[in-house]
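The values are calculated or read from the model by the stated rules, or taken from the named source; none is laboratory data. As the structure is a computational prediction, the values presented were derived from the model and not from experiment. Cβ coordinates were reconstructed from backbone atoms using ideal geometry, including for glycine residues, and neighbour counts include every protein chain displayed. For accessibility, only protein heavy atoms count, side chains too; no ligands or nucleic acids. Shrake-Rupley method; radii C 1.70, N 1.55, O 1.52, S 1.80 Å.
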Amino acid sequence: MIQAVEGKVILLAHSRNGIVISRVAEKIPEKIEKLIYLASYLIPNGRSMMEYALLDRKSLVIQNTVPKISLKLASRLIKDYTGYKKTLIDLFLPKKYRTHRLSQHIFQEALYHDCPLEITELANVLLTPEPNLGGFEKLKLTEERFGKIPKIYIECL
């Protein structure tokens, strides 16, 4: 737990975990020295991760998730995931749509194209489904808290 650590911490996030460290920084900025986003989502206030994920239509990740979700449905969820509609979606979304994972056939090409085959095989065993709804949640970030923390962004090409 960050609160138990003496002094400040540096948080590093990869991929969708960028939304997690942004939220942590907003909640306890006094404990954060800096944020490092490694090929991660650095989303502005009032926006959701999915808004940005869906912009990359060529992404092998977006094209190869299981279960498939239509772009039309995802766009509608982005718009409607607020207030009472958020509560209804949280309650009634079928279980099979609550998580997703990347199809194993695309691991090598999408994520591990420059790694030995044994790394891809290990990923097939270790990677688990990820929750969906957090990606539709709009971030609430303020300049006074999140905005005052230094940030580093590392882009992987």
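Counting only residues that are part of a loop (DSSP other than H, G, I, E, B) and among the β-branched types (V, I, T), which one in segment 138-157 is surrounded by the most Cβ atoms within 10 Å (Cβ to Cβ)? I'd like the intermediate steps shown before the answer.
First, pick out the residues of segment 138-157 that are part of a loop (DSSP other than H, G, I, E, B): 138-145, 149-150, 155-157.
From what's left, among the β-branched types (V, I, T): 142, 149.
Values: T142: 11, I149: 19.
If we take residues in segment 138-157 being part of a loop (DSSP other than H, G, I, E, B) and among the β-branched types (V, I, T), then I149 is surrounded by the most Cβ atoms within 10 Å (Cβ to Cβ).
The set of residues in segment 86-109 that are surrounded by 13 or more Cβ atoms within 10 Å (Cβ to Cβ) and part of a helix (DSSP H, G or I) comprises K86, I89, Y97, Q104, I106, F107, Q108. Residues in segment 69-85 that are on the phi < 0 side of the Ramachandran plot and open to solvent by 50 Å² or more (accessible area, probe 1.4 Å): 11 in all.
Residues are listed down the side, and each one gets a yes or a no for (1) over 30 Å from K34 (Cα atoms); (2) in contact with a Ser or Thr (Cβ under 6 Å, 6 or more places away or on another chain):
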{"site": "V125", "(1), (2)": "yes, no"}
{"site": "K138", "(1), (2)": "no, yes"}
{"site": "T142", "(1), (2)": "no, no"}
{"site": "G147", "(1), (2)": "no, no"}
{"site": "C156", "(1), (2)": "no, no"}
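The residue that is modelled with the highest pLDDT, counting only those in segment 110-123 that are in a helix (DSSP H, G or I) and loosely packed, with under 12 Cβ neighbours inside 10 Å, is E118.
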